[in-house]
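Novice: I'd like to ask some things about the structure below.
Every read-out reported here was derived from the displayed coordinates using simple, explicitly stated rules and does not represent laboratory data. These figures come from a predicted structure and were not determined experimentally. Here the Cβ positions follow ideal geometry from the backbone for every residue, glycine too, while neighbour counts run over all protein chains shown.
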Amino acid sequence: MSALPLSPARRPVPGVFVALGLTLAIGWLVVAIDGGQLFNQSTTVSLLHVAAGLGFVAVGQTLVILGGSLDLSVAYVVSLSTLVAAETMNGSNAALLPAIGLTLLVSAGIGLFNGLLVTTGQINPFIATLGVGLLLKGYLDSRYDGPAGSTAPALVQTLGYQRVGPVPLSFLLLLAVAGACWFLLSRTRFGHHLIAVGGDPEVARLSGVRNDRVRVTAHVLCSLCAGLAGIYLASRLGSGAPRVGTEGLYDLESIAAVVIGGTALAGGRGGVVGTVGGVLLLAGIDAIFNQLAVDAFAKQVVRGVIIIAAVAVYARRALRKADR
Amino acid sequence: MTTQTVSRRLAPLRRWNSGGILPILAVLVVLLVLVAARQPDFLSPPSLMSFLGRSAPIILLAAGQYFVIVSGEFDLSVGSLVTAQVVVAARLIDSDPSRTWPVVLVLLAGGALVGLVNGLITTRLRVPSFVTTLGMFLILVGAVYLWSDGAPKGGLTDQFRQLGRRAVEDVPVFGRLPYALLVLLVLAVAAVLLMRSDFGRTLVAVGDNPRTAQLSGVRVWRTRTIAFVLSGLAAAVAAILIGGYGGVSFQAGAGLEFGAITAVVLGGVALGGGRGSVVGAMLGALTLELLFALMNFYGVSGALRPSVQGAIILLAVAVSARRFSSR
Amino acid sequence: MKRCLAAVAAVTLLTLAGCATDTPVATPSSTESAPAGAGTGEQSKFFDQTDYDNELALLDATATGPADKPWEQALNPTLVDTTKFKKAGPYKICFSNAALNNPWRQVGYKTMQAEVAAQGDRIKEFVHVEAEGKDQKQIADINDLLGKDCDALIVSPNTTATLTPAVEAACQTGLPVIVFDRGVDTDCPVTFINPIGGYGFGHVGAEFVSQRMKPGGKLLALRILPGVDVLETRWSAAKVAFDKAGVDVVGVEFTDGDPAKTKKIVDDYLQRYGTIDGVWMDAGAVAVAAVEAFQDAGKPVPPINGEDQLDFLKVWKEAGLTAIAPTYPTYQWRTPIIAALRILDGQQVSSPWKLPQPTITQENLDSYLDADMPPLHYAMCGCTDLPGYPQRWK
Amino acid sequence: MPDGHPGALLALRGISKSFLGVGVLHEVDLDVAAGEVHAVVGENGAGKSTLMKIVSGGYAPDAGTITLAGQPQVFGSPRDAQRAGVGIIHQEFNLLPERTVAENVYLGHEPVRRGLVDRRQMLASTRRLLDSIGETALPADAPVGRLSVAQQQVVEIVKTLALDARLIIMDEPTAALADHEVALLYRLVRRLQEQGIGILYVSHRLTEVFDLSSRITVLKDGRRVTTVPTADTTADELVRHMVGRELSHYYPPRATPQDIGEVRLTVRAGANRKLRDIDLTLRAGEVLGVGGLQGSGRSALARALFGVAPFTAGEVVVDGTPTRLRSPRTAMRAGVAYVSEDRKGEGIVARQSVLDNALLASRAVFALRSGRTARTVRVRELLAAVEVRSAGDQQEIRYLSGGNQQKVVLARWLAVNPRILLFDEPTRGIDVGAKSAIHDLVRRLARDGAAVLMISSDLPELLGMSDRMIVMRDGRIAGELPAGATEEDVVALAVGTVRETAA
């Protein structure tokens, strides 16, 4: 038959964590030389808060990308959900749960719409979600001329500012969500089907997978994560902010985090664990540059380089694997 | 993660948009009718010419983007490239007329160089172009801000600006012919000829099935890299025209990459490659520009515009998708 | 035939969008989708009558303080005691900056750096953290700075409402907090420094344009983006003025600060209405582009307002425009440093600290023109006496 | 073996289907009894694949009924068909390289416990299924991407078993298999029969059809020509039904000694990752057949000669001059052409016109050699010469039948007048008519002085076409055989039951 060595499938933890380790180590050193300190309480907390915001979005983005799709509307979904949440709560703890429910409902609805455009609408995800993004932008621009509503104090105190030691509650929540997604991918039919659809839609279809249903679900989950990010941001900002998502560049940065995390843009390979690593890496760079008080433009450049370099490394690996 | 797999992922999407330019023509006609209804004199030669002139840059960007997309790739860096070029031009020229033309050459070279880098990273390092050019986008933005520490410096000369701003006046029939329009016409013809040439056909073949192309002796990496270089050059010309038309600003190129890609898709070109015509792509861009003008004429609330734009894009693409997926 | 369907849909879409907002043009700041029946549409929910009245009053108020140093002057000062913050220098001063992403903030920040340099050894360390225009990041930044044992914290908030909790948290640490440019919804900072503000800016421009243009003429309002509080206040003040003067505001458009887009908009409006009798802007960024649009179309440039950026002043002079330039002076970036040091000395400071907000008019135009500075430099930087001038700003 | 009685497992009645108004199937009736192997044969475009897709839920028929074990069925999707107990093994693999064998086998119907995928059970049952067909060596948790072609085929089959299908459709199941693997497939099919599973067997290889099936249905132009018990028919008769031509004048006459000219290509001690000590010569006018099992290095040899995966050691001499064939381009410049076995993936550019496909090579490498119009004219002639049937040369090639696509590919290479042609399975999955046309063409090329190397898994074809044969095993040339050798000789060398004869 064949003399190929058939080691069982290993799903190794992506190299992003190595990169993360190195970056933080070097960063710590440089900052130390600069006379600062990278891992003091406040810096760590800030780092993890920044990570949490991007993290929710990126984890969701991972799901759609794994499924061979893409979501460029997340930034606007984030903004919208901060507003929905804050306006519904309107400062009262009583309205907390209904508000969260409504927010998730709205974002899920948008995800559904994205999903339907991509599947039954047969529009390329890139264009479809770009278009939906524009729709939302128009709504936000015409309806809001600034922050609106106010977040329930209870939420601000807990999700917004509560922390366990140096670890914010929000980051723990992120870990929980990421964990849930990991579980979803490795332990549920949906997960297996999603990866199959991303790997090769035709194969999935012929194996009896309902591709459309799977893709739509992925989009719904992605938007839900974006909605979650919105709720978190509302808890941080104390009100709804119509521009927070776009200012945060959550659309492109989430995709960046995902690919840095080793998920194939083509779909079918990767996972949320790597994405969390990617998010932490980006946040780590933020923190380091803050400590060194280097202006953001240099950071942009570094980010760009890192994104390309990371993916180049993964490509090398994939190539070597193919050779074997 | 090779570009192949990306195209393979987009492969099913390909089937959805066939290459025909009929749908985009239809949309264009509809919009023209709507304009004529509201603003008849818009169709009078002089104003029409000015409109085409001011639309030239985005049309050129769409053409450049087309080369990349039809070969199975993406170029998200063009917007930031335009910004960078405009700012660089201002600082290099620094209001000194004698430097105008040298700087124009520098810009063209710069555009080609960025395209080359994009292409080589994508083809040689096997980084999906979406990621490559996203990275390049961040790098260019950051670099240009760094270089000009945050605020554009220097200034553009009238010689530089006239290309994008002025026109040949008192032309019979047309009234006036903006230089930008002339540039556009020349380059558009060149683009069409290029796509009919061996290179053009090969480019499409590469986007359709790189493997076959390679086994037929095509240097796939080289072909795609050239596509990126062309896109970079198009961005450079666009930058010259935009800088001329609007002057220096960090906003000069903001969002143009998405505009260009949208235009190309509207024009019936399939993301993933191997399908669609450069004419369609350019018509797509023209349609977008016309749509903006239309919204000015109809007084669509500035804040609502993105929605209208989004809805129309989704509609047009969905319908052409439907039309061609009937098999 | 599917295409026809698309066509139909497109038509309806457009006409709908058109009808909904055709005449009069809706204001983007309307909180309900349908605009009110008259003038510029209903007022923004951000409009605050009392603030508005105060700011307009301040426009005529006389400032106290050294005449040649507007950045040290204060309008109707109300001094507060700061002895509890008194401590020995030299100091470590920390600054959480909303962003550096536009020329105004660039000029301002350079001015601030120069001011720090001018203070010499009184400041041993100046820490600057920039939030890239991200509320979320600035909140984290402030929290981060709190761990750096600063002697004073200066905050230039990215958004008023959303930064309030973070600033409050900062105040609770007992650190003297100084807020400038945009405010926060809390009195906890020692002082809030800014010029008169958005209402004043919007009002001055609108008054001038509506008075100089022919009565009942057509005015085009060009705005940068929706949803930025500073700009919203400017627009809401302008609306009041226009409605009062019975100006016909034919369009309120967003330019994203993109000159090309601006010219296209003006082009189309000229085509649509034949003539535009006045142009109002909520910021000077694209004023030059707007002027060019008229020039390129071979039309006279109507009364227009810009800002104190040199490129506009230059065009104004050369083309002999009927123009005015209300300012939001960048010299306000000097004041927080001065204030911080006074507070740490235990001296009294005014809270709020309202700086004068000069307007550039035909009369004093020449005094602000400076051919040597870059086109996007802001004339009102009050930086000529600072170390490193002019090189630092070039 | 039960004949088509009323209690048939599968009963198709009056199945019709048309695409864009073009009728592809016309009122086809067909029965499969439990435990029966029912073969379906016919030229490409006869409607076999469409019929299979309909039975497996890929398409819905325009008219007609599908009855499974007496139950009328309407399949909206492959899933419905699977639920009803219809499994299909496709010609090209439907596997996810990134995923493990088990994950592939149970894709779409993963075993769940308490709502969660039960990985342990998934592995266990996959192992059990593998054992049941004697594939104990194949690890259930290895990623499919690392398996050999044959192993992947096994996974495909296990996939259908996992669905405990009552009816299994096999569409050219041996296309990718080497002969001894085919034997394994036979065993497998028998086992399935014993379990009372009905099998619809589609194949171009008549030997298999006769070995396995109890009944044969012949399709032609979407109509059922006949259904006959295998025992009562012969290969000739079948081919007549399919094309109306005798099987006998199938292969063109071989080269005569005077046809054979000087040495065109010599390889000495050629080697790379997949090949070792390759020594061979190609002469003008000669067709050198290459036999051997899948993965024995046949394709690797062709790819090495075409510079796709070049020799890393040894020496290659082309027309007397030592040449390094580093890439397809260099190979083409040296006058080498290569027709890949994977037509869809490496042969055609599906969405481009016939003309563009035919011009691809000339444009890429010899763009400057001749004027464009002249070149186009020449290619048009070639397309005519190889008798491509298409609606004009602007038609997209994907709408052509496999045979015609292959002819276009040939035209592409003829356009650059190669002196050395490498054919890898040139007639795989091609209907009988086109097959012989291609055979004639290959022979004509040889007669015109080209040196031809032709790889084939189809032994009759190999023996029928070759003037000389080499047989590969484990990346080396196991031996050389003269024209007129028997199938046994080839197989013996291929599986290594005999001493290697010095080449």
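Novice: Between D:E237 and D:D131, 0.36 nm times their residue separation minus their Cα-Cα distance comes to what?
Specialist: Contour length minus Cα-Cα distance gives 34.2 nm.
Novice: Would you mind computing Rg(Cα) / (2.2 N^0.38 Å) for the range C:36-151, counting N as its residues?
Specialist: Ratio of Rg to 2.2 N^0.38 Å for the range C:36-151: 1.43.
Novice: Can you tell me the convex hull volume per residue for chain D, based on C-alpha atoms, in Å³ to the nearest whole number?
Specialist: Dividing the Cα hull volume of chain D by its residues yields 156 Å³.
Novice: If you don't mind, another one. To make sure I understand the rule: partners must be lysines, Cα under 19 Å from the Cα of C:K134, and not fewer than 8 residues away in the same chain. Which ones qualify?
Specialist: A:K137, A:K299
Novice: Let me ask you something else. For C:N364 paired with A:L252, estimate the spin-label separation in nm (one decimal), with each label point 7 Å from Cα along the Cα-to-Cβ line.
Specialist: 4.1
Novice: For every other residue with a beta carbon closer than 15 angstrom to the beta carbon of C:T255, add +1 if it is Lys or Arg and -1 if Asp or Glu, then tell me the sum.
Specialist: -2
Novice: What does the structure give for D:136-145 when I average, per residue, the other chain Cβ atoms found within 10 Å of the residue Cβ?
Specialist: Per-residue shielding by partner chains comes out at 3.
Novice: With 5 Å bins from zero, work out the P(r) of the range D:56-187 over every alpha carbon pair and list the percent per bin.
Specialist: Going from the shortest bin to the longest, the percentages are 2, 10, 19, 21, 20, 13, 9, 5, 1, 0.
Novice: With a 10 Å radius around each residue's Cβ, average the other Cβ atoms per peptide and rank B:253-263, C:318-328, C:272-282, highest first.
Specialist: Order by mean packing, descending: B:253-263, C:272-282, C:318-328.
Novice: Note down the relative contact order for the range B:3-324 as a percent, whole number, built from C-alpha pairs under 8 angstrom at least six residues apart.
Specialist: Here the relative contact order equals 38 percent.
Novice: In what order do C:C94, C:C188 fall by count of nearby beta-carbon atoms within 10 Å, going from fewest to most?
Specialist: Ascending number of Cβ neighbours within 10 Å: C:C188, C:C94.
Novice: What Kirkwood Rh does chain A have if only Cα atoms enter the pairwise 1/r average? Answer in Å.
Specialist: 20.3
Novice: On a 0 to 90° scale, report how tilted helix C:229-245 is relative to the longest principal axis of chain C, with both axes built from alpha carbons and the result rounded to the nearest 10.
Specialist: 50
Novice: Give me D:M454, A:M89 ranked fewest to most by other Cβ atoms within 10 Å of their Cβ, as a rough exposure proxy.
Specialist: Placing the least packed residue first, the sequence is D:M454, A:M89.
Novice: Of the candidates A:R213, A:R187, A:R269, which one comes out as most mobile in a Gaussian network treatment of chain A with C-alpha springs shorter than 10 Å?
Specialist: A:R187
Novice: Once the convex hull of the alpha carbons of chain B is built, what does its volume come to per residue, in cubic angstrom?
Specialist: 134
Novice: Here's a follow-up. Compute the relative contact order of the range A:38-315 as a whole-number percentage, counting only Cα pairs closer than 8 Å that sit 6 or more residues apart in sequence.
Specialist: Reported relative contact order: 37 percent.
Novice: Right, next: Out of all DSSP beta bridges in the protein assembly as shown, what portion is antiparallel? Express it as a percent rounded to 5.
Specialist: 45
Novice: Find how many whole Å separate the alpha carbon centroid of the range C:324-346 from the alpha carbon centroid of the range A:50-106.
Specialist: Cα centroid to Cα centroid, the span is 39 Å.
Novice: Between C:K244 and C:K214, what FRET efficiency comes out of the Förster formula 1/(1 + (r/R0)^6) with R0 = 25 Å and r the beta carbon distance, rounded to 0.05?
Specialist: Here the calculated transfer efficiency is 0.95.
Novice: Sorted from fewest to most neighbouring beta carbons within 10 Å, what does the list D:V317, D:V182, D:V41 look like?
Specialist: Fewest to most other Cβ atoms nearby, the residues stand as D:V317, D:V182, D:V41.
Novice: Ordered by packing density, taken as the mean number of other Cβ atoms within 10 Å over each peptide's residues, highest first, how do D:334-343, A:92-101, C:121-130, B:128-137 rank?
Specialist: Peptide ranking by packing, descending: B:128-137, D:334-343, C:121-130, A:92-101.
Novice: What is the spin-label model distance, in nm, from B:L182 to A:D34 if the labels are put 7 Å beyond Cα along the C-beta direction?
Specialist: 5.3
Novice: State the extension gain, in nm to one decimal, for the chain segment bounded by D:E194 and D:Y399, taking 0.36 nm per residue of separation less the distance between their alpha-carbons.
Specialist: 69.8 nm
Novice: Could you check how many percent of all C-alpha pairs in the range D:10-243 are farther apart than 31 Å?
Specialist: Looking at the range D:10-243, the distances longer than 31 Å represent 22 percent of pairs.
Novice: What does DSSP give for chain D in terms of the percent of beta bridges that are antiparallel, rounded to the nearest 5?
Specialist: 55
Novice: Right, here's the next one. For peptide C:61-68, what's the mean number of Cβ atoms from other chains within 10 Å of each residue's Cβ?
Specialist: 0
Novice: If you take all C-alpha pairs in the range A:187-324, what percent of them are over 19 Å apart?
Specialist: Percentage above 19 Å: 63.
Novice: Over the whole of A:36-47, what's the average partner chain Cβ count within 10 Å per residue? Rounded to a whole number, please.
Specialist: 4
Novice: Taking springs between alpha-carbon atoms closer than 10 angstrom, which of B:L43, B:L283, B:L230 fluctuates most in the Gaussian network model of chain B?
Specialist: B:L43
Novice: In the structure displayed, which of B:K153/C:K314; C:K354/C:K394; C:K214/C:K299; C:K244/C:K314; C:K263/C:K314 lie more than 23 Å apart, Cα to Cα?
Specialist: Beyond 23 Å between Cα atoms: C:K354/C:K394; C:K244/C:K314.
Novice: Compactness ratio of the protein assembly as shown: Cα Rg over 2.2 N^0.38 Å, N = residue count?
Specialist: My calculation over the Cα atoms of the protein assembly as shown gives 1.02.
Novice: Still on this model: Normalise the Cα radius of gyration of the range B:145-276 by 2.2 N^0.38 Å (N = residues in it) and let me know the number.
Specialist: Compared with the compact-globule rule of thumb, the range B:145-276 sits at 1.32.
Novice: Sticking with this structure for a sec: Note down the relative contact order for the range C:191-347 as a percent, whole number, built from C-alpha pairs under 8 angstrom at least six residues apart.
Specialist: Taking the mean separation of contacting Cα pairs over the length of the range C:191-347, I get 26 percent.
Novice: Taking every pair of Cα atoms in the range D:350-415, average 1/r, invert it to obtain the Kirkwood radius, and report Rg/Rh to two decimals.
Specialist: When Rh is taken as the Kirkwood radius, the ratio is 0.94.
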